[in-house]
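The structure appears below as C-alpha cells.
Quick note: the coordinates plus some simple rules give every number you see, no bench work behind them. A quick note: this is a predicted structure, and the numbers were derived from the prediction, not measured. With ideal geometry, Cβ positions are generated from the backbone for all residues, glycine too; neighbour counts draw on all protein chains shown.
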Amino acid sequence: MTMAAAKIAVVGGDGIGPEVTEQAIRVTDAALKRDGVVYAWNRLPWSSTFYKKTGQILPDDGWDTLRQHDAILFGAIGSPDVPDTVTVHGLLLPMRRKFDLYVNLRPAYLFDGVQSPLRDKPPGSIDMLVYRENTEGEYAPTGGRLYVGTPHETAVQTSVFTRRGCERILRTAFEAARKRPRKKLTSITKSNAQVHTLGLWDDVYREVSKLFPDVQAHSLLVDAAAMDFVRKPEVFDVVVASNLFGDILTDLSATITGSVGLGASANINPERAFPSMFEPLHGSAPDIAGKGIANPLAAILSAKLMLDHLGQTNAAAALQTAVARVLKEAEVRTPDLGGKATTTDMGDAVVAALG
C-alpha cells in the first residue's frame, strides 16, 4: 500500500474555482507519479453555496480541520449574491491571518508562445517575483463607520504597519533576490504621502538592505512602479510591496505576461507552523463559471508553487516544463489566450506533456 507523502486540503470554492482546481489536482498527480509519490486530497465543500445552505462559510471546526493538512489548494471565493464580508472577509483574509501566511508570492513570467499586450517583448524578458505582505498593512480589519445613513456618515479604515511585519517580508524578499541570477530587488513605497506607515516601511527597508550587500536594491514610489511595469517591465526582478500595493501591481504583472489566467500565487508561512495556501489570482469569475472555458494554468502553476514548498522539486520542475511546452506549441488555447479549448483540454495537454 502506497502511503501519501502529503495531505492536501482542497477548497474549490466558488465560480470557476472547482473547475480549475480539479485540473490542478490531475496535473499534480501526474507530475508526482513520475517519482512514485502520492498526495491525499481532502475536498472540502466550503463555498457560497455552503453558506446559503448552512449560514456559515465554513463549519465550526473548519480552522482545526485545515490545520491537520500539509497545505491548502484553494480555488476562489466570492459570489455576486453573497456579500464579500461573508466570503472574502469570512474565509480568505482570516485564513491568511490565522495561519500567519505573511508571505504572498506571485511570480510573473512571459512564456514562449504567449503574446504580451506590450509590443516587442520577447519570451522570458518579463521575469519577476513579487513578494506582497499578506497579513497587515492596508488590509488590516481596523476601522468602522459612524452615523450610517445620515449626511454625517463617516468611514475610517486604518492601515496597520508593524516593524516585525515589515522586517519579515523584506527579509524574505531579500533572501529570494540573493538566490536569483540578477540579485536585484525593488521596494515599493509611497512614503512621500503616507509618511508614518510607509515611512516605517522605508526605515526597515534601509536597515534590512544593509544585511544584503550583495543584492542591488532600490526603492520606488508605487505610481512610478505602475508606470514602469508597463514601460519597462524587464528591469524588475524581485519586487516587495505592502498588502495593497502588492495586490494591485500583481494584477498588472499578470496582465502584461499575457493573461490573469496564468497568474499563480502562494500564501506562505515560512516557519511552517501552519499549512500554507496556494491559489490562482483570477478569482471566481462568475461570468464564465460552469462554461468549461476557464484557463486552469494559474491553478496548475499555483500547484507547482505548492510542490516546491513541500519539497517535491523534481515534480515542480517537470510541471513547469510541461506548462511551458504546451504554451510554446500553442496547439491548445483557452479563450483568454485567443483559442477555443476547454478547461479539460488544457489539463489534458499538460498531463500529456508530462509524459
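Quick one: order Trp46, Trp201 by neighbouring beta-carbon count within 10 Å, fewest to most. Write out the running numbers ahead of the final one.
On the way: Trp46 25, Trp201 30.
Ranked by crowding around the Cβ, least crowded first: Trp46, Trp201.
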Exercise. How big is the charge dipole of the stretch 127-256 about its Cα centre, in debye rounded to the nearest 20, if each Lys and Arg gets +1 on its Cβ and each Asp and Glu gets -1 on its Cβ?
Worked result: 440
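What ranking, highest mean first, results for peptides 128-137, 160-169 when packing means the other Cβ atoms within 10 Å averaged over each residue?
Working: 128-137: 25.0, 160-169: 18.6.
Sorting 128-137, 160-169 by mean packing, highest first, produces 128-137, 160-169.
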Exercise. Where does each of Leu118, Leu105 land when they are ranked from fewest to most other beta-carbon atoms within 10 angstrom?
Worked result: Leu118, Leu105
Exercise. Using θ = phi - 60° and the Karplus curve 6.51 cos²θ - 1.76 cosθ + 1.60, what whole-Hz ³J(HN,Hα) does each residue of the stretch 41-50 get, with Gly and Pro shown as x?
Worked result: 9, 10, 7, 10, x, 6, 5, 5, 4, 4
Seminar exercise, completed: Charge dipole of the chain built from unit charges on the beta carbon (Lys, Arg +1; Asp, Glu -1), centred at mean Cα; most positive-end Cα among Thr197, Ile169, Ser265 is Ile169
Problem set entry | Other-chain or far-sequence residues with amide H under 5 Å of Thr342's (modelled H) | none
Seminar exercise, completed: With -39,500 (n - 2.57) per DSSP H segment of 4 or more residues and division by the full residue count of the chain, the 222 nm estimate, nearest 500 deg cm²/dmol, is -11500 deg cm²/dmol
Problem set entry | Neighbour net charge for Tyr131 - beta-carbon separation under 11 angstrom, K R +1, D E -1 | +2
For this session: Please work out, to two decimal places, the log10 of the ratio I(q)/I(0) at q = 0.12 Å⁻¹ from a Debye calculation in which every Cα of the stretch 184-308 carries one identical scatterer.
Result: -0.57
For this session: Can you tell me the order of 108-116, 138-146 when each peptide is scored by its average per-residue count of other Cβ atoms within 10 angstrom, highest first?
Result: 108-116, 138-146
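What is the fewest-to-most order of Asp247, Asp61 by other Cβ atoms lying within 10 Å of their Cβ?
Working: Asp247 19, Asp61 9.
With the sparsest Cβ surroundings first, the list reads Asp61, Asp247.
For the stretch 1-154, give me the percentage of DSSP beta bridges that are antiparallel, rounded to the nearest 5 percent. Kindly include the intermediate steps, with their values, before the conclusion.
Numbers: 9 of 20 bridges.
Looking only at bridges with both residues in the stretch 1-154, the antiparallel portion is about 45 percent.
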Exercise. How many angstrom lie between the C-alpha centres of the stretch 95-131 and the stretch 172-220?
Worked result: 18
Exercise. Which net charge results for the neighbourhood of Ala264, defined as the other residues with beta-carbon distances under 9 angstrom from its beta-carbon, given Lys and Arg at +1 and Asp and Glu at -1?
Worked result: +1
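About the Cα centre, and with charges only on the beta carbon of Lys, Arg (+1) and Asp, Glu (-1), how big is the dipole of the chain? Nearest 20 debye, please. Don't skip to the answer; put the middle values down first.
On the way: 38 positive and 40 negative charges, 132 e Å.
My answer is approximately 640 debye.
Please report the antiparallel percentage of DSSP beta bridges with both residues in the chain, rounded to the nearest 5. Walk me through the intermediate numbers first.
Working: 20 of 47 bridges.
Antiparallel bridges: around 45 percent, rounded to the nearest 5.
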